[in-house]
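Down below is the structure, laid out as structure tokens.
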Amino acid sequence: DTGVSQDPRHKITKRGQNVTFRCDPISEHNRLYWYRQTLGQGPEFLTYFQNEAQLEKSRLLSDRFSAERPKGSFSTLEIQRTEQGDSAMYLCASSPQGISSDTQYFGPGTRLTVL
Amino acid sequence: DQQVKQNSPSLSVQEGRISILNCDYTNSMFDYFLWYKKYPAEGPTFLISISSIKDKNEDGRFTVFLNKSAKHLSLHIVPSQPGDSAVYFCAARGLTGNQFYFGTGTSLTVIP
């Protein structure tokens, strides 16, 4: 059991640049979530995939954010034209289908710093 | 609009005593609640959950209580151990079943 992995663990970028993060969920988990966490706050839901289908997005999600899960396995989260307010920890989580579907397994996160 | 609130940012407890972490929510339609534990530099780890049809769920040293009328849940850890020192988040499942709302967390320190 390798758990959920995220890459990179840290990213420093300049304002206006684009960044992309990758998440590899636990194999055979068909549900995948992205969250954002800022200092002193809990994880904030961004988007949800079931297999390759993006079924839900937070209404707070800016159109500069886009996520994909092309083959229902790994997922990417891209932020275009980054702003300082995008600085946060970006967490990915996955869960299986069925009775344990609400138990999410989180990765270690990608910490983004926008200068 | 914070729909799940943890009003105590921190809590210190002596080893062996009971730790009680509290959580309040505003949306009466939430039907499933979870507690996660988070160590530094790691993602949150699932701890225990409860459905809205129950008022108590127990797993070893951890018990979650749900008071729907008060829109309040609590996590009891007894006896507390130093390894329990972490940040604890409560979360609620939203109406679609796909979106989860997290509280701001309570940092628990168990003093040996």
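The values are calculated or read from the model by the stated rules, or taken from the named source; none is laboratory data. The model shown is predicted, which means the values in this text are computed figures rather than measured ones. Neighbour counts run over all protein chains shown; Cβ positions are idealised from the backbone, glycine included. Surface areas here come from the heavy atoms of the whole protein model, side chains and all, with no ligands, DNA or RNA. Shrake-Rupley method; radii C 1.70, N 1.55, O 1.52, S 1.80 Å.
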| Does the protein assembly as shown come out rounded, prolate or oblate, given a ≥ b ≥ c as the square roots of the eigenvalues of its C-alpha gyration tensor, rounded meaning a/c under 1.5 and, failing that, prolate meaning a/b above b/c? | prolate
| note | Given all pairs of distinct Cα atoms, chain B yields a Kirkwood Rh in Å of 14.0 Å
| task | Counting other Cβ atoms within 10 Å, keep those with at most 16, restrict to DSSP loop, and tell me which GluC sites (Glu not before Pro) in region A:18-84 are left. | result | A:28, A:52, A:83
| field | Label-point gap, in nm, between residue B:8 and residue B:67 - each point 7 angstrom along Cα→Cβ | value | 1.3 nm
| query | With Cβ to Cβ distances under 12 Å as the rule, what net charge do the other residues near residue A:63 carry (K, R +1; D, E -1)? | reply | +3
| Among the residues of region A:86-115, which ones have their accessible area go down by 30 Å² or more when all the protein chains sit together, as opposed to their chain alone (1.4 Å probe)? | A:102, A:103, A:104, A:106
| said: For the protein assembly as shown, what does the accessible surface come to per residue with a 1.4 Å probe? Please give it in Å². | reply: 50 Å²
| field | Sparse-neighbourhood loop sites, trypsin sites (Lys or Arg not before Pro) in region A:12-85 - DSSP loop, at most 10 other Cβ within 10 angstrom | value | A:14, A:59, A:71
| query | Looking at region B:54-100, which residues lose a minimum of 50 Å² of accessible area between their chain alone and all protein chains in place, measuring with a 1.4 Å probe and not counting ligands or nucleic acids? | reply | B:98, B:99, B:100
| query | Accessible area lost on pairing A with B, both sides, 1.4 Å probe, Å² to nearest 100? | reply | 1600 Å²
| message | I'd like the FRET efficiency for residue B:59 and residue A:5, computed as 1/(1 + (r/R0)^6) with the beta carbon distance as r and R0 of 30 Å, rounded to 0.05. | response | 0.65
| said: Taking each pair of distinct Cα atoms in chain A once, what is the resulting Kirkwood hydrodynamic radius in Å? | reply: 14.1 Å
| Applying 1/(1 + (r/R0)^6) with R0 = 41 Å to the Cβ-Cβ distance of residue A:17 and residue B:95, what FRET efficiency is obtained, to the nearest 0.05? | 0.65
| message | Rounded to the nearest 10 Å², what accessible area does residue B:101 have for a 1.4 Å probe in the complete protein model? | response | 70 Å²
| So, with a 1.4 angstrom probe, what is the percent of accessible area on region B:49-112 that is carbon and sulfur? | 52 percent
| What ³J(HN,Hα) values, in whole Hz, does the Karplus curve 6.51 cos²θ - 1.76 cosθ + 1.60 give for region A:72-84 when θ = phi - 60°, with x put for Gly and Pro? | x, 10, 6, 10, 10, 10, 10, 10, 9, 6, 4, 10, 4
| task | Determine, from the Cβ-Cβ distance of residue B:29 and residue A:113 and an R0 of 30 Å, the FRET efficiency 1/(1 + (r/R0)^6), rounded to the nearest 0.05. | result | 0.20
